[in-house]
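> Here it is, the structure in full.
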Amino acid sequence: MLKFPLLSFILLFPLYSNAQGGNTGYDFLDISSSSYVYGMGGANVSTLHSDLDLASQNPALIGPENDKELKLGYMHYYSSGNFGGVRYGMAAGERGAWAAGIRYLNYGNFKGFDVDGTSTGNFTAQDIIFEGTYSHDFTYRLRGGINVKMVYSAYEQYSAFAMAADLGLCYYDDDHEISVGFVLKNMGGQLKRFEDHYDRVPFDVQLGITKGIKESFSFSITAWHLTKWKLPYYLHQDGGTIEQTNSGFFRNLFRHLVFGVEYSPSDRFYIDLGYNYKTASDMAAYQRNFFSGFSLGAGFKVRAYSAGVAFAMPHKGAATIMLNLGLDITELL
């Protein structure tokens, strides 16, 4: 039996639920690798932003405009997690693009105990995601894409391997500054199990819309977890956790919605703000603060170099910060 520090357990519970015999697994796939998206609430499948890491949100959001682009990312996740990644993209003719990347998620060190309470020493928990993406412009306004993921997980002496794929579409109306994204996410399954049972990869359907407002502002709404109306949350009590669901219509509705606002006076600078009600409600039982559910991001580009940063504080005892660095090699040539 493994025992975790209380705060780490509270914040990382969804990530460990598969190894502990829960009915879901691989929820870490929902963690964005883009500081831009993280600042927009953590989910966005419709914004056509110059960011190669949008491939992990919707593979149809990258294209030939991402030719010879390199992205590096780092994220300090809650109390003990440290995530990193790299992604590279290239044009594939005039209407296509591909990208390849790797993400490494390390959740820190934990204390292990056997069933009798005897210490078995410290152990680590980590996931590695290998990704390959291809997108293609079907028409001037419609683009499709696929993102294939191979996932290796190692939690203490347990290990597992899974494969999944995202299929996405994006429609953009330049005249009205509206873009709509649709994604079938995490289609696949576990090929090597942790122990005596297989854990499912969290298949999801996501739909989003982004609308430009005047010249410098845009507003996004992303609907996610559309395969289930009542999304569970967990109450931690002595002896374990209890799964709960909301009964109110509007509470259930808003747990499916992520809101984001972007201010971008030029293609060289942006500030974004997001609100994720699901994050706020998930933290309700764990002394959340006023900022739970909110996130803030900013980024800039100077010649071929770009940087972005995002910050969120879902719990009063923990904060997250993400940093992305980018290089547009075409501007150096």
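The values are calculated or read from the model by the stated rules, or taken from the named source; none is laboratory data. Because the structure is a prediction, the values reported are computed rather than measured. A quick note on method: Cβ atoms are made from the backbone with ideal geometry, for glycine too, and the neighbour counts reach across all protein chains shown. Note: accessible area is taken over every heavy atom of the protein model, side chains too, but ligands, DNA and RNA are not part of it. Shrake-Rupley method; radii C 1.70, N 1.55, O 1.52, S 1.80 Å.
> Confirm whether Pro59 is within 26 Å of Ser153 (Cβ to Cβ) and modelled with pLDDT of 95 or more.
Spelling it out, Pro59 is indeed within 26 Å of Ser153 (Cβ to Cβ) and modelled with pLDDT of 95 or more.
> To continue, here is another question. Only one residue in Glu195, Glu215 is of a type in the set (Asp, Glu), part of a loop (DSSP other than H, G, I, E, B) and over 27 Å from Gly81 (Cα atoms). Which one?
Glu215
> Here is a follow-up. Considering only the stretch 24-40, state which residues are in contact with a Ser or Thr (Cβ under 6 Å, 6 or more places away or on another chain) and open to solvent by 10 Å² or more (accessible area, probe 1.4 Å).
Thr24, Ser33, Tyr38
> Let me spell it out: the conditions are (1) under 22 Å from Gly260 (Cβ atoms); (2) open to solvent by 50 Å² or more (accessible area, probe 1.4 Å); (3) modelled with pLDDT of 95 or more, and Glu65 meets all of them except one. Which number is the exception?
(3)
> Within the stretch 111-127, how many residues turn out to be crowded, with 16+ Cβ neighbours inside 10 Å and within 26 Å of the chain's Cα centre (by Cα)?
3
> Sticking with this one: Residues in the stretch 256-263: is at least one open to solvent by 80 Å² or more (accessible area, probe 1.4 Å), in contact with a Phe, Trp or Tyr (Cβ under 6 Å, 6 or more places away or on another chain) and at pLDDT 85 or above?
For the stretch 256-263, residues open to solvent by 80 Å² or more (accessible area, probe 1.4 Å), in contact with a Phe, Trp or Tyr (Cβ under 6 Å, 6 or more places away or on another chain) and at pLDDT 85 or above: present.
> Let me ask something additional. Check Glu156, Glu243, Glu177 and return the single one that is surrounded by fewer than 17 Cβ atoms within 10 Å (Cβ to Cβ), among the acidic types (Asp, Glu) and modelled with pLDDT of 90 or more.
Glu177
> When you scan the stretch 111-121, do you find a residue that is closer than 23 Å to Tyr74 by Cβ and in contact (Cβ under 8 Å) with a residue 12 or more places away in the chain, even just one?
no
> What is the residue count in the stretch 134-149 for residues that are of a type outside the set (Phe, Trp, Tyr) and open to solvent by 10 Å² or more (accessible area, probe 1.4 Å)?
9
> Within the stretch 301-332, how many residues turn out to be basic (Lys, Arg) and part of a strand (DSSP E or B)?
Number satisfying all stated conditions: 1.
> Kindly indicate the residue of the stretch 264-285 that is of a type outside the set (S, T, N, Q) and more than 22 Å from the chain's Cα centre (by Cα) and also modelled with the highest pLDDT among those meeting that condition.
Out of the qualifying residues, it is Phe269.
> Please go through the stretch 162-174 and give me each residue that is open to solvent by 60 Å² or more (accessible area, probe 1.4 Å), modelled with pLDDT of 95 or more and over 19 Å from Asp30 (Cβ atoms), ordered by number.
Within the stretch 162-174, Leu169, Tyr171, Tyr172 qualify.
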